[in-house]
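The numbers here are math on the coordinates, done by the rules we state, and not lab data. Just so it is clear, the model here is predicted, and its values are computed rather than measured. Cβ: placed from backbone, ideal geometry, glycine included. Neighbour counts: every protein chain shown.
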Amino acid sequence: MTTHGDPATRPGSPAVAARTGGAAAGEQPPGPAADGLPAALTDLRAAIGAARFPLALPSAQDARQVGAAVGAQLDDYLLPRLARLDAPLLVVVGGSTGAGKSTLVNSLVQARVSAAGVLRPTTRSPVLVCNPTDSGWFRQGELLPGLTRTSEPSEDPGTLQLVNAPALPAGLAFLDAPDIDSVVDANRALAGQLLAAADLWLFVTTAARYADAVPWELLHTARSRGVVIAMVLDRVPADAADEVAAHLAEMLAAQGLGAAPLFVLPETQVDGQGLLPEQVTAPLSDWFGRLAADAGARAAVVRQTLDGALTALHAAVAGLADAADEQAATADALDERVLAAYRGAERVVEQGLKDGRLLRGEVLARWQEFVGTGEFFRTLEARIGRLRDRVVAAVTGRPAPATELRNAIESQLVTLLRGVAAEAAENAHTGWKAHPAGAALLDPELAHPGAGFPDRAERLVRDWQRGVLELVRVEGGDKRFVARTAAYAVNATGLAVMIAVFASTAFIPTGLEVAAGAGTTVAAQTVLQAIFGDQAVRTLANQARADLLARVRELLDGEAARFLSRTAAARPAADAGDALRAAADRVADARQRSDLGAADASPLPQATPEGEDR
């Protein structure tokens, strides 16, 4: 007769004892030499908690999910399990909707401890069943610390109902998890969290659903983590038992899970208490009983699952580190698009101070009024000597329309600043809009200069004009004309300095298109040379130009900050990726130094083929 529930090598056999270091039943196996492992895992937990993936990138959502899952496994299982290797073995019972998980748990512990029924989902909050002598460990909350302990049934997925079952042997606990394919998102997430906290997965499926995609996705996850697995094929028609069991065994072997014991439960009726007949569950119940009685076998299961989970951490964390690097690189790229737009605006302003464009129109007209008539420029070359005397006389005592000139300079500069700021905002906005991460950070108002920009631009120009006057006052402090003419001389000379700034550094614009500007520039130069001398002219103009450009840069930096503050808020730490990799490397090194890797590769044996001794 074919049996599918009796392993070829029992948990308490000498073979298993030899593989786990010879621990006899009831003895606690030695713990791993892993003094540095908890500390390394704690550091890794901190690095994962610090990693952020806020930018809208294809890798971000996966990274957030993986980070949350790895963090939860560290909190829920790895750290508490390493602290207590001798704690009871936790068997998480998982599977598809309607697979009969709760009925199976109830039957194994011979009591209705978990709700079973036809309504789906049945298990809304997890139920943990253990022997009364083990309840203290689970009640302390070190394992799955995020779940609130309760002794009453609950529909709150954030609770963990603890149930004592004297019929369940000490050293073993069952956790009935929600369906892995539940229609409720929270239930699916919780099922995944609980499975990650298992020492052993008891995976329950049915003859009708064993080939479904969702269970196999979870089984692939278990294989990648090195989790110990036992399979239950439930509700199998008697006439199809051999065929279905053989097919499932082939599927398991093809997916690298051939070592998982397979228990086949025939289709049958439950009794008045909703429990399966004892003869149906006896092979599985007997197998778990022997596992509970053998500390060495339990240790082998714990060590393999721990080692597999620790091994899987490295690849998972490497993915998180790559995603963190991508976040930082994307933030840098978005910043660069903004900085390029506003650096371009600065260059436009700087060029505007060199090519004579600011000397046209109203500024030119007001300057002509300030120093003389248009005829003055036409006769400039022939009358330079007399001009010097005339200009000096004008600067040192004769009234002039200075206010109109100052206003014209202010208006011209403000117009330039508003134009370059509008263009820079539009360019930065367009640059971000073309990138998914940038588009997610945008607001419509970023396409235009910030609120109050015209006022700030006007204030900048007025402050700069006052600065120029102060510069003239300081530089000309030892000149007798300043002492004699007081404020008017400073004001008039300052205006001449401002005009000189609106030209090339050498004060020699070229080309017919700037002819008017050239005349104006020469006039300004002549005024200043008459008072200060040629070198002083250059010094004053250069200082005034540098001051203006510095103020413009600060103004535009403030505009760019409207964008940059958004990437700054979203930007992960610059070394987040390196910190994750370093923490994962420390865990890997600590694992290698521990003896967890000495665990048997297959602590749970396969079921026995027909006719073999058991």
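May I ask you to evaluate 6.51 cos²θ - 1.76 cosθ + 1.60, the Karplus curve with θ = phi - 60°, for each residue of region 467-475 and list the ³J(HN,Hα) values in order in whole Hz, giving x for glycine and proline?
The phi angles translate into x, 5, 4, 5, 4, 4, 4, 6, 5 Hz.
Can you list the HN-Hα couplings for region 450-461, worked out from phi with the Karplus curve (6.51, -1.76, 1.60; θ = phi - 60°), rounded to whole Hz and with x for Gly and Pro?
Rounded to whole hertz, the list is x, 4, x, 4, x, 5, 5, 5, 5, 5, 4, 5.
Around G95, which amide H atoms from residues at least 5 apart in sequence, or from another chain, sit under 5 Å from its own amide H, with H modelled in the peptide plane?
Long-range HN contacts for G95: I180, V204.
Give me S154, S135 ranked fewest to most by other Cβ atoms within 10 Å of their Cβ, as a rough exposure proxy. Don't skip to the answer; put the middle values down first.
Values: S154 16, S135 20.
Ordered by Cβ neighbours within 10 Å, fewest first: S154, S135.
Taking 30 Å as R0, compute the FRET efficiency from the Cβ-Cβ separation of A69 and Q269 and round it to 0.05. Numbers along the way, then the final one.
Details: r = 39 Å, r/R0 = 1.31.
Step by step, r from the Cβ atoms, then E = 0.15.
Run through region 138-245 and list the GluC sites (Glu not before Pro) located in a DSSP loop whose Cβ has at most 14 other Cβ atoms within 10 Å. Before the final figure, lay out each step's value.
Values: sites: E142, E155, E217, E243; in loops: E142, E155.
The qualifying sites are E155.
With 10 angstrom as the radius, rank F138, F174 by how many other C-beta atoms surround their C-beta, starting from the fewest.
Numbers: F138 21, F174 27.
By the 10 Å Cβ count, ascending: F138, F174.
Report, by chain and number, residues whose modeled amide H sits under 5 Å from the one on D234, excluding near sequence neighbours (fewer than 5 apart, same chain).
Those lying under 5 Å, H to H, from D234 are T205, T206, A207, L265.
Treat the count of other C-beta atoms within 10 Å as a stand-in for reagent exposure and order D547, D294, D332 from fewest to most.
On the way: D547 16, D294 24, D332 12.
The most exposed by this proxy come first: D332, D547, D294.
By how many nm would the segment from R553 to A315 grow when fully extended, if each residue of separation counts as 0.36 nm and the alpha-carbon distance is taken off?
Working: separation 238, 0.36 × 238 = 85.68 nm, distance 4.56 nm.
Using 0.36 nm per residue and subtracting the Cα-Cα distance, I get 81.1 nm.
Going by amide H atoms built from the backbone, whose H comes under 5 Å of the H on T148, apart from near neighbours?
HN-HN under 5 Å from T148: T159, L160.
What are the extents of the Cα atoms of region 402-464 along their three principal axes, listed from largest to smallest and rounded to whole Å?
So the extents along the principal axes, rounded to whole Å, are 53, 15, 15.
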